[in-house]
Amino acid sequence: MDFLRFLGHPEEIYNLLRFKMGGCRAVMPKLDRDSMSQSLQTCYRYLNETDPSFAAVVPILDEELRHAVCIFYLVLRALDTVEDDMTISLERKIPTLRNFHTYLYDPEWKFTESKEKHRQVLKDFPTISLEFRNLPVVYQEIIVDICAKMGEGMADFQENKGDSLKEWDRYCHYTSGLFTIGLSRLFSASELEDGYIGQDTDFSNTTGLLLQKVDIIVDYLEDQLEGREFWPKEVWSKYGKKLSDLAKPENIVPAVQCLNELITNALNHVPDVLTYLSRLKNQSIFNVCAIIYVTSIATLAACYNNQQVFKGVVKIHKEQAVNLLMDATNVEAVRAITLQCIEQINQKIPPSDPSSNKTKRILSFIRNLCLPNSSLLS
């Protein structure tokens, strides 16, 4: 769920965004913390600590929706922290995941034993749940519903790890697809977007799948170090006996081939995401969603055929990050950015790569989708 962490320092992101609103370079308002309760201020502090770059774009949203998105994110971040914590026994973790949505109505519930880096959202969950209960009921109902479904899905995967690409998609649905479905429902509930944005879950879910797969792909090394594995066996087993083998220097060629196949799989979600963005009417909502998307497609371009994924961290160059933030304000600009990214990938396709033909086909489809006179997104 760390959708924007590849863009650099969050304060720099925020300053850049101040100039991109409304086409006339209107200044983006900062959070009016003086008008917030102490507990709500604390929630925004936790948002900044857990995902500072996402915290930098949330102020774009209108105030009531902004608060709902902040709390929604923190609730799911707390749930995700339980799932990620490898020190919690399955006997305790699974019921905690399944019951997590009920804790939103328990003013006293908290979890103080987590060893994860974002454990503060569990230690001080009463502050988050308090602000959840302060939201309008229509927002509460959406957050509870998504939290319940996500907790059930996460618990299922604790008991039965999926190895196939189909199961990978199902896992990404539970961990991120539901998040974007929930966001879309919040957008519609705010009446800033039409009702069908929240009702048509297919495009929202696909958007979440793309975002989660980018995270999973980029986080290979970090997850290996923490004892977590999310790459689908159906793919990595073609390139090594164990997923951890891909990190060995002598296996770098098959490792990169595996990486390229997963990136090609993720690229198949891009057409639906472009359709989703084309349906958004509210400028502030579009800007937030477009920034997250262009960051993801640019990250895939940076990672494609890149050995650094198995050696450290891959980040977007500062100059490119600035351009992404400043340009992603309308559908035409997003299409142009997408064209740049797929061309970057196209230039790096090794002729001998096992997935090269599949990669070229999806890039060609996306290219046709993004042409100026394309009617495919209308």
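The values are calculated or read from the model by the stated rules, or taken from the named source; none is laboratory data. Quick caveat: nothing in here was measured; it's all calculated off a predicted structure. Every residue, glycine among them, receives a Cβ derived from its backbone with ideal geometry; neighbour counts consider all protein chains shown. Note: accessible area is taken over every heavy atom of the protein model, side chains too, but ligands, DNA and RNA are not part of it. Shrake-Rupley method; radii C 1.70, N 1.55, O 1.52, S 1.80 Å.
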## Note on the structure
Within the range 45-57, residues being in a helix (DSSP H, G or I) and buried (at least 21 other Cβ atoms within 10 Å of the Cβ) number 8
#### Entry: Selected residue [open to solvent by 30 Å² or more (accessible area, probe 1.4 Å) and either at pLDDT 95 or above or touching a Phe, Trp or Tyr at 6+ places or on another chain (Cβ under 6 Å) (or both)] from K149, K161, K213
K149
### Message
For the range 209-227, give me each residue that is closer than 17 Å to L300 by Cβ and polar (S, T, N, Q).
### Response
Q212
### Query
Only one of these conditions is not met by T338: (1) under 22 Å from the mean Cα position of the chain (by Cα); (2) more than 21 Å from H269 (Cβ to Cβ). Which number is it?
(2)
### Task
Taking only the range 346-363 into account, find how many residues are more than 15 Å from N306 (Cβ to Cβ) and among the β-branched types (V, I, T).
1
### Query
Got a sec? Which of N268, N282 is modelled with pLDDT of 95 or more, open to solvent by 10 Å² or more (accessible area, probe 1.4 Å) and closer than 23 Å to I366 by Cα?
N268
### Summary
The helices (runs of 4 or more DSSP H) lying entirely within the range 114-193 that contain at least 1 residues which are closer than 22 Å to K93 by Cβ and of a type in the set (V, I, T) are 120-123, 125-134, 137-159
### Query
Which of the residues that make up the range 291-321 are within 27 Å of E332 (Cα to Cα) and either of a type outside the set (A, V, I, L, M, F, W, C) or touching a Lys or Arg at 6+ places or on another chain (Cβ under 6 Å) (or both)?
Y293, T295, S296, T299, Y304, K315, H317, K318, E319, Q320
### Summary
Output for Cβ contacts, cut-off 6 Å, separation at least six or different chains, first residue farther than 17 Å from Q212 by Cα in the range 300-315, second open to solvent by less than 70 Å² (accessible area, probe 1.4 Å) and of a type in the set (K, R), reads N305/K348
### Task
Provide a single number: the residues in the range 174-206 that are β-branched (V, I, T), buried (at least 20 other Cβ atoms within 10 Å of the Cβ) and more than 17 Å from V69 (Cα to Cα).
1
### Message
Within the range 101-126, take every residue that is of a type in the set (V, I, T) and surrounded by fewer than 20 Cβ atoms within 10 Å (Cβ to Cβ) and give me the one that is nearest to T42 (Cα to Cα).
### Response
T112
### Query
So which of S296, S355 is open to solvent by less than 60 Å² (accessible area, probe 1.4 Å), at pLDDT below 95 and touching a helix residue (DSSP H, G or I) at 6+ places or on another chain (Cβ under 9 Å)?
S296
### Summary
Filtering the range 299-334 for residues that are surrounded by fewer than 19 Cβ atoms within 10 Å (Cβ to Cβ), part of a helix (DSSP H, G or I) and modelled with pLDDT of 90 or more leaves a count of 5
## Note on the structure
Looking across the range 115-144 at residues that are under 23 Å from the mean Cα position of the chain (by Cα) and of a type in the set (S, T, Y), the single one that is farthest from G182 (Cα to Cα) is S129
### Message
Condition first: open to solvent by less than 40 Å² (accessible area, probe 1.4 Å) and part of a loop (DSSP other than H, G, I, E, B). Now tell me which residues in the range 62-100 satisfy that.
### Response
D85, I88
### Summary
Filtering the range 223-261 down to residues that are part of a helix (DSSP H, G or I), open to solvent by 30 Å² or more (accessible area, probe 1.4 Å) and without any contact (Cβ under 8 Å) to a residue 24 or more places away in the chain yields Q224, L225, S244, P249, E250, N251, V253, P254
### Message
Among the residues of the range 125-132, are any over 17 Å from T175 (Cα atoms), touching a residue at least 40 places away in the same chain (Cβ under 8 Å) and among the aromatic types (F, W, Y)?
### Response
yes
